[in-house]
1. Can you give the Rg to Rh ratio of the stretch 18-118, both from alpha-carbon atoms, with Rh computed by the Kirkwood formula?
2. Quick one: what are the phi-derived ³J(HN,Hα) couplings along the stretch 25-39, Karplus 6.51/-1.76/1.60 with θ = phi - 60°, whole Hz, x for glycine and proline?
3. Ranked by Cβ crowding within 10 angstrom, fewest neighbours first, how are SER51, SER111 ordered?
4. When the chain is fully extended, how far beyond the present Cα-Cα distance does ARG71 get from LEU20, taking 0.36 nm per residue of separation?
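Read-outs throughout are calculated quantities, based only on the coordinates presented, and are distinct from any laboratory measurement. Fair warning: this is a prediction, and the values are worked out from it, not measured in the lab. No Cβ is skipped: glycine too gets one built from the backbone with ideal geometry, and neighbour counts run over all protein chains shown.
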Amino acid sequence: MRWDTTGKKEPQVLPMRPELLKGHLDALLLAVLEPGPQHGYAVIEALRASSDGALDLPTGTVYPALHRLERAGLIASDWQTVGGRRRRAYHLTPAGHAALGEQRAVWDHFSTAVTAVLGRRAWPATA
């Protein structure tokens with residue numbers, strides 16, 4: 001535990017091991033882009049913020065994945081000028097929206113099964 005400036009305990013963020021992201025990075029990037037266009041660094045910041053710092057991914061992981069998703073037609077990009085700087089903004093394509101829906105369904109099934117094993121809960125889970 002760390003202490004913040006007010007004397008309260010802050011939860012310690014454990015770093016995410018890269019091998020845990022395999023097969024899930026595309027879905028995470030698509031989900032971050034779902035609300036609307038973002039440039040690459042904003043994508044990295046959104047992942048970090050929405051995961052409470054657990055998904056603090058390097059640019060060398062995120063940018064190649066964004067380029068791969070663009071080549072696959074799941075995202076598209078265009079150049080924007082922000083604060084006098086040109087940045088490439090990425091957004092979901094219709095195929096990207098569909099892929100995100102499919103990947104969410106796969107994740108729901110997978111995470112429920114893993115939780116059943118690790119958490120010793122009944123499988124399949126019932127609502």
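1. Using only Cα positions, Rg/Rh for the stretch 18-118 is 1.00.
2. Each residue's phi maps through the Karplus curve to give 4, 4, 4, 5, 5, 4, 5, 5, 7, 4, x, x, x, 8, 7 Hz.
3. On the way: SER51 14, SER111 11.
Ordered from fewest to most neighbouring Cβ atoms within 10 Å, SER51, SER111 come out as SER111, SER51.
4. Taking 0.36 nm per residue and subtracting the Cα distance, the gain is 16.0 nm.
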